[in-house]
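K.L.:
Dumping the structure here so I can ask a few things about it.
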Amino acid sequence: MPATLTAAHAAAPLVPVSVSVRDLSNCERAVALYASDMPTGYRQRGRDYSQLCAWIVQGAARLRLGELYRSAAYAYGYRLLCLADLTTADQQRAHALRFPDGGRFEKAERMAGLVTCFAGLGMSGAAMERGDRPGVEGNCRCYGSGWIRDRDDADDPTTEYAMNCPGHNPHALGSAYPAKWVIA
Ligand SMILES: [Zn+2]
């Protein structure tokens, strides 16, 4: 009946978009697993990754893609800042709010890594591009500038140095010092 079809179409945007694992970055796969029904104590046995893939799709549908992309970017940025030992208390709070169960998140990261390395699914170009764009949630040591300045000796301005922020500027693009500073 036409009326029924119209109603079904009107409701369509509310239905989560189905997504394939191939279209998700490694970090998006981890976040989707975190949000899925995967038991935290799950252990992968053998080379059949179909159950993990089903959970990834389930978690992605549960979160919706926008939220999945956003959370995964923040998780990746936080991981990069952790590796450089540059997180702030604000960022640690934000990460703990987003992923309250740290053990489950670590499990999800490990399982996503298995799927990415061994399931042989590949990754779409768009997913790879997103996977290379970290996000930062919470006050950052670089104040959003992409560069963190510090001094070896707090009292000696000649010992100042700058390093790129792994979260805001992972590829060290641009200059730590604006051009007008160099001219002056
Ligand atoms: Zn930063």
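K.L.:
Given (1) within 16 Å of the ligand (Cβ to nearest atom); (2) touching a Cys at 6+ places or on another chain (Cβ under 6 Å), identify the lone condition not met by ALA72.
P.N.:
Just one mismatch for ALA72, condition (1).
K.L.:
From the list VAL115, VAL136, which residue is at pLDDT 95 or above and outside the structural domain of ARG29 (by TED's automatic domain parsing)? If you could, list the steps in order and put the result at the bottom.
P.N.:
Details: VAL115 fails: outside the structural domain of ARG29 (by TED's automatic domain parsing).
Going through VAL115, VAL136 in turn, just one is at pLDDT 95 or above and outside the structural domain of ARG29 (by TED's automatic domain parsing): VAL136.
K.L.:
Could you list all residues from the stretch 72-105 that are under 16 Å from TRP55 (Cβ atoms) and assigned to a helix (DSSP H, G or I)?
P.N.:
ALA72, ARG104, PHE105, listed by residue number.
K.L.:
Still on this model: If a residue has to be crowded, with 19+ Cβ neighbours inside 10 Å and either aliphatic (A, V, I, L, M) or within 30 Å of SER20 (Cα to Cα) (or both) to count, how many in the stretch 131-175 make the cut?
P.N.:
So the count comes out to 9.
The values are calculated or read from the model by the stated rules, or taken from the named source; none is laboratory data. Owing to the predicted nature of the structure, the values given are computational and were not obtained by experimental measurement. Cβ coordinates were reconstructed from backbone atoms using ideal geometry, including for glycine residues, and neighbour counts include every protein chain displayed.
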